[in-house]
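Colleague: This is the structure I want to talk about, given as structure tokens.
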Amino acid sequence: MVFLFSMFMAYSGFANLIHTASEPLAGDNFLKFVEELTSITNIQMMEAQGLTMGRSKLEPWSGSYWPIHKGIIGARYVNKKFPRSSSFETNYERFLSESAESIVASGRLNELSPSEKYDLLIGDPEWSLTKLMWKKGRDQFERDGFVAGWTGICHGWAAASHLLPESPYYPVTLNDVTDKYAITFHANDIKGLISWVWASAPPTSYRAGDRCRQSVVKVDPTLRPLEASCLDSNPMTWHLAIINKVGLQQKSLVMDSSRGTEVWNYPITSYSYHYFDPKTFIPTESLNKAIRGKSEMPLDRYSIFRSPRTFFIVGIIMEITHPALTIPTVGITSRNTTKKMTFIYDLELDENRNIVGGEWFSKANPDFIWSYPASSRAVSFEESNLSPELAAWSVDQSTLPVSLAELAKESSRRGRVLNIISSALLTASSKKGEPLPEEIVAEEEEIEED
């Protein structure tokens, strides 16, 4: 069988190349994700413990990255007249053509954007949160002359999606602070608000790997990036983080799947891998057949970069499942739409077959990986000293308390959504209720990664 790697030719004569070794760079450490728990670094032990596949117990939910050119969570996605344009100007002009006040006056509350519903809920006559959403795009447009299609809050969505134990599902109706309006927050409204909470007031994260800021990645004759930051998270770090976090601990983490300057964050749902012979590039399910001694590979294209601790090399083909980016819609969407990505790399092993380094072969590979410590919460400082009464507030109480609304308006003027409100909506939305109409399949965003 001729494997796809037959396209790669062996290189020699690159001893004069100044480059980093195949070991992880400083800061590219998988132990950040282990959080002082037991970890496995031996390739044979992984095989013996059935860790060639794994899955997060909490399944990350699919959702929008709430692109800036559409107004982030200021997008009126329910309104059929709201364009799905890639042009910020087109979308913004349509937004300005009809005020939120006129939509409310005509009783079309359902057509408000997630941020407008929040502004109405807390009784903010200035629509502060919504104005901020569109200001993000205006600022970018005035600076650059356009708003890049990939920019949004996928970091907020990915964070909330892989950490929170609940996922929005059912619509939630809540009376505003004046008790005048009954506002229905659909699942995607709630996803948007939660995503903004984690985007605007995130806790301290940890990361392995560095962000590449080259739109076209410059490579050497071995096709290895010349810029150290574009080497991405080393295959050793990647493999050990995935196996120990997703496989052993059964918890998710987030990857930036884009190799270049764009950032596309996806939480990882599951993985599985098999092997290939690094000398012949032929796939195999057998670990023993995929391991080659370093001395068996005189034409190894990466020989001058290999760790001095390398005795063996093994080829890995890993398939990752992650929730898809979807277009917001109204209705009961199926809980998850997923996509798959395949990463191909080799791992360097020491004499005891512990992983000590590696090299990427697939063109697509994760730029960096990240997550948060256990029990992290995204909370704005305005709600850091809530009274016990407000801290215990839930949607079951129907009307938003005046004191909480005042706090929310103060926070909103600073561009933040109160976690207590978004969390209460999330909890109510995730509860099983009466049977609802048949689920619809969410439409995926058309994404073109660099």
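The values are calculated or read from the model by the stated rules, or taken from the named source; none is laboratory data. The model shown is predicted, which means the values in this text are computed figures rather than measured ones. Cβ atoms come from the backbone with ideal geometry, glycine included; neighbour counts cover every protein chain shown.
Colleague: Checking Asp300 against (1) free of Cβ contacts under 8 Å to residues at least 60 places away in the same chain; (2) not in a strand (DSSP E or B): exactly one of these is not met. Which one?
Modeller: The number of the failed condition is (1).
Colleague: For the stretch 117-131: of the residues being assigned to a loop (DSSP other than H, G, I, E, B) and not small (Gly, Ala, Ser), which is nearest to Ser403 (Cα to Cα)?
Modeller: Asp124
Residues are listed down the side, and each one gets a yes or a no for (1) charged (D, E, K, R); (2) surrounded by 20 or more Cβ atoms within 10 Å (Cβ to Cβ); (3) in the same structural domain as His162 (by TED's automatic domain parsing):
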site: Ser384; (1), (2), (3): no, no, yes
site: Ser387; (1), (2), (3): no, no, yes
site: Ala391; (1), (2), (3): no, no, yes
site: Gln397; (1), (2), (3): no, no, yes
site: Leu400; (1), (2), (3): no, yes, yes
site: Ser403; (1), (2), (3): no, no, yes
site: Glu406; (1), (2), (3): yes, no, yes
site: Glu410; (1), (2), (3): yes, no, yes
site: Gly415; (1), (2), (3): no, no, yes
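Table: residues versus (1) within 15 Å of Gly63 (Cα to Cα); (2) at pLDDT 95 or above.
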{"position": "Val172", "(1), (2)": "no, no"}
{"position": "Gly192", "(1), (2)": "yes, yes"}
{"position": "Ala201", "(1), (2)": "no, no"}
{"position": "Ala208", "(1), (2)": "no, no"}
{"position": "Val217", "(1), (2)": "no, no"}
{"position": "Asn234", "(1), (2)": "no, no"}
{"position": "Gln250", "(1), (2)": "no, yes"}
{"position": "Arg259", "(1), (2)": "no, no"}
{"position": "Ser270", "(1), (2)": "no, yes"}
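Colleague: Here's a follow-up. Kindly evaluate Glu359 against the criterion of being assigned by TED's automatic domain parsing to the domain that holds Trp264, surrounded by fewer than 17 Cβ atoms within 10 Å (Cβ to Cβ), touching a strand residue (DSSP E or B) at 6+ places or on another chain (Cβ under 9 Å) and not β-branched (Val, Ile, Thr).
Modeller: no
Colleague: Looking at the stretch 169-193 only, could you name the residues that are over 15 Å from Leu426 (Cα atoms) and of a type in the set (S, T, N, Q)?
Modeller: Correct list: Asn175, Thr178.
Colleague: From Gly54, Gly71, Gly63, Gly27, which residue is closer than 30 Å to Arg301 by Cα and in contact (Cβ under 8 Å) with a residue 60 or more places away in the chain?
Modeller: Going through Gly54, Gly71, Gly63, Gly27 in turn, just one is closer than 30 Å to Arg301 by Cα and in contact (Cβ under 8 Å) with a residue 60 or more places away in the chain: Gly27.
Colleague: For the stretch 122-133, which positions are out of contact with any Lys or Arg (no Cβ under 9 Å at 6 or more places or on another chain) and either surrounded by fewer than 23 Cβ atoms within 10 Å (Cβ to Cβ) or modelled with pLDDT under 95 (or both)?
Modeller: Taking the stretch 122-133 and keeping what is out of contact with any Lys or Arg (no Cβ under 9 Å at 6 or more places or on another chain), we get 125, 127, 130-131, 133.
Answer for the stretch 122-133, where residues must be out of contact with any Lys or Arg (no Cβ under 9 Å at 6 or more places or on another chain) and either surrounded by fewer than 23 Cβ atoms within 10 Å (Cβ to Cβ) or modelled with pLDDT under 95 (or both): Pro125, Trp127, Lys131.
Colleague: When the stretch 357-394 is examined, which residues are found to be over 28 Å from the mean Cα position of the chain (by Cα) and outside any loop (DSSP other than H, G, I, E, B)?
Modeller: Pro388, Glu389, Leu390, Ala391
Colleague: In the stretch 132-187, what residues are farther than 20 Å from Asn419 by Cβ, of a type in the set (Val, Ile, Thr) and in a loop (DSSP other than H, G, I, E, B)?
Modeller: Hits for the stretch 132-187 are Val147, Thr151, Thr178.
Colleague: Then there's this: Taking the stretch 30-48 only, how many residues are without any contact (Cβ under 8 Å) to a residue 60 or more places away in the chain and assigned to a loop (DSSP other than H, G, I, E, B)?
Modeller: Number of matching residues: 1.
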